[in-house]
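The values are calculated or read from the model by the stated rules, or taken from the named source; none is laboratory data. Just so you know, these numbers come straight off a predicted model, no measurement behind them. Note that we place each Cβ from the backbone using ideal geometry, even for glycine, and neighbour counts take in every protein chain shown.
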Amino acid sequence: MPPRLRISSTTIAVFAAAVGVFSPASARTPDQWILVRSSHFDLYAQTTDNKSVRAALEWFERLYTFFSQETGLPLEGRSVRVIAFRSEREYQPYRLGPLAHAYYIGTGDRDCIVLPRLGNNEFATAGHEYAHLVLHATGRRLPSWLDEGLADFFSTVRISKTGASIGGELPAHTQSLRRLAWMELPRMFSIMHDDVRDDRALAEVFYSESWALTHMLMLSPEYAPRFHDVVERIASGAPSEEALVNVYGRNLGIIKRDLHRWIEDHARAQADFGEIPNGADPALRSRAVTAFESREILAQLLLGIGELDRAQAAYRELAKQEPEHGTVYAALGEIAVRKHEYASARDQLKRALEKGVGDAALCYRFASLADSVEIPEQDLQRALERAVALKPDFDDARYSLALLESDSGDFEGAVEQLRAMRVVSPARAFDYWSSLSYALNELGRFDEAMSAANKAKQQASTPLQRTRADELAYIAQTDLTVRFAKDSNGNLQLITARVPHNSHDWNPFIEPEDHIRLLEGTLDEIQCTANRAVGVTLNTGREKLRLSIPDPQRIQIRNGPSEFLCGPQSAPASVTVEYAAGPGEDNTGAVRGITFRPDSGASKHTAR
């Protein structure tokens, strides 16, 4: 039974293309395009030869089938667009770089493979670019040598009616390696894609050696069994040299020696597989592409490769042709964002939304501009609400909407949006839980707020964050009130304060710096000056204490009369006195509150 290469999504192992025969594209004018759709691909071809386009799409569907069957890596739900030009001449203005014979560009939910033509010679190139697509879809970032090495390795897949194979020699690479001086492995590991984009000589040896090392690691009996571990470590952030040395227990000198021997003796090695079924829909849908559509596709391509000025000019022409076409304004807004022209971006994206563009990401991008340019709150609200309506699992939009609703006082709405989020990333965890705790506190749902504050503290990573979490927990356990305090000039003023829930004995006249003491006894005398109370005498049974009254209007009286008779009291009342103790050890100080106990006999109401 033919061997099967089974790997995890980290390894990104074997997949690639089915053998199909592409007839040369018919000689047509450059703006004649045809679209053929299947379950997984939209193929735009600059031709009217429907037969060749259908054959090409069947080839891509076999590519998808092989990948799904042999690796198990998912691509369901992703929109893959293939753009095939009529010839190199038409492809040239949209080339990603001078060495890009074809290329792949990917966004969040759309992947695009761009080919100079449909033809037999494009088979390996398309397989290579599809490899980049799958690597991108996994979400793992690999170093350039491994990314390109895997893509070249995958481009060697061959499928027939009786079976499939992968591997074998890439003559251009082996010839380069025989002719050129090899670079040291650490140098190869350090090279980035941009380093070779315009350097043909460096690119030749880099791509060739990257393919050679990947070929050995994938197929050599000594290296292949642990290649998964290498990719796992590299994808997790380990340097390439460290991963190779630790996994194989060999230094780079030995690995380089093995690599030279492998390419000399085993460059044609390959792995064989069983039959790959044709997964293409027999009823492929095809239609001619309108002139406006074809121009928009090319404008999208310019935007995708970063040709912002050319893309902007193209979209402005499209806006003149179809002023009601909302996607044109969406693209102009995206271009303005990337050019840091935020006011223009706001206006263009708002216009796109007004034209009915149903794109959750567009709604969110519009709202995100509020960090750079003024946007009315109602416009932000509508855009974010539309984003989550279009895409209920759009957590970034829900989080932004929650903050907006919290800022506007809609705390119920904020809690609803926060709790509807599917995933709270570690980077956002503290802000998420602290925002939730704040909103719940404002709603008076203190137990829930306390729980959220505790989770915020667990996620806090700085002293400032821990302090904020403690504040939220304190708020969840207390109520807002007021108290008196002295300003810098010694004048009393009201300030806000917090007291524990259901605190019925709060005294606002106690100042923050007071050292409060409580004494029980009888109120024997009230000292007055000019009919104004200035002190009291309290009989504790053991001693008589005289306490001052700085301001009779700033004493909390509980269960007692509002006025008293100056001088000795004929029927001394039983009281508890709160007073701010003086600096000494004796019981002197200023009265802050008097509570009359039930056995009190107070009745006179004259002193103030």
For this session: Please find, within segment 234-255, the residue that is modelled with the lowest pLDDT out of those that are out of contact with any Asp or Glu (no Cβ under 7 Å at 6 or more places or on another chain) and of a type in the set (A, V, I, L, M).
Result: Ala235
Problem set entry | First in segment 37-53 and among the small types (Gly, Ala, Ser), second anywhere and part of a strand (DSSP E or B) and surrounded by 16 or more Cβ atoms within 10 Å (Cβ to Cβ), Cβ under 7 Å, 6 or more apart | Ala45/Trp33; Ala45/Ile34; Ala45/Ala84
For this session: Report yes if Asp359 is modelled with pLDDT under 95 and either out of contact with any Lys or Arg (no Cβ under 7 Å at 6 or more places or on another chain) or under 20 Å from Glu405 (Cα atoms) (or both), otherwise no.
Result: yes
Problem set entry | Residue among Arg419, Arg386 that alone is in contact (Cβ under 8 Å) with a residue 12 or more places away in the chain, basic (Lys, Arg) and either under 23 Å from Glu448 (Cβ atoms) or in contact with a strand residue (DSSP E or B) (Cβ under 8 Å, 6 or more places away or on another chain) (or both) | Arg419
Exercise. Tell me, which helices (runs of 4 or more DSSP H) wholly within segment 237-351 include 1 or more residues that are more than 21 Å from Trp145 (Cα to Cα)?
Worked result: 252-266, 291-304, 308-321, 326-338
For this session: Could you run through segment 462-500 and say how many residues are under 23 Å from Arg592 (Cβ atoms) and in a loop (DSSP other than H, G, I, E, B)?
Result: 5
Problem set entry | Flag if Phe227 is assigned to a helix (DSSP H, G or I), in contact with a helix residue (DSSP H, G or I) (Cβ under 8 Å, 6 or more places away or on another chain) and over 21 Å from Met183 (Cβ atoms) | yes
For this session: Filter segment 28-48 for residues that are assigned to a loop (DSSP other than H, G, I, E, B) and either at pLDDT 85 or above or among the aromatic types (Phe, Trp, Tyr) (or both) and give the result.
Result: Gln32, Ser38, His40, Gln46, Thr47
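Here is a yes/no grid of residues against (1) touching a residue at least 12 places away in the same chain (Cβ under 8 Å); (2) in contact with a Lys or Arg (Cβ under 8 Å, 6 or more places away or on another chain); (3) more than 22 Å from Pro98 (Cα to Cα); (4) among the hydroxyl-bearing types (Ser, Thr, Tyr):
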residue: Arg179; (1), (2), (3), (4): no, no, yes, no
residue: Met183; (1), (2), (3), (4): yes, no, yes, no
residue: Asp194; (1), (2), (3), (4): no, no, no, no
residue: Arg197; (1), (2), (3), (4): yes, no, no, no
residue: Arg200; (1), (2), (3), (4): yes, no, no, no
Problem set entry | Condition broken by Val231, with the remaining ones in (1) touching an Asp or Glu at 6+ places or on another chain (Cβ under 7 Å); (2) within 24 Å of Tyr103 (Cβ to Cβ); (3) among the hydrophobic types (A, V, I, L, M, F, W, C) satisfied | (1)
For this session: Say whether the condition of being among the acidic types (Asp, Glu), within 22 Å of the chain's Cα centre (by Cα) and either surrounded by 19 or more Cβ atoms within 10 Å (Cβ to Cβ) or within 26 Å of His325 (Cβ to Cβ) (or both) is met by at least one residue in segment 404-419.
Result: yes
For this session: With the condition kept exactly as written, say whether any residue in segment 501-518 is of a type in the set (D, E, K, R), closer than 23 Å to Pro598 by Cα and over 39 Å from the mean Cα position of the chain (by Cα).
Result: yes
Problem set entry | Options Pro508, Pro550, Pro512, Pro568; residue that is exposed (fewer than 12 other Cβ atoms within 10 Å of the Cβ) and part of a loop (DSSP other than H, G, I, E, B) | Pro512
Exercise. In segment 352-373, which residues are part of a loop (DSSP other than H, G, I, E, B), on the phi < 0 side of the Ramachandran plot and not β-branched (Val, Ile, Thr)?
Worked result: Lys355, Gly358, Asp359, Ser372
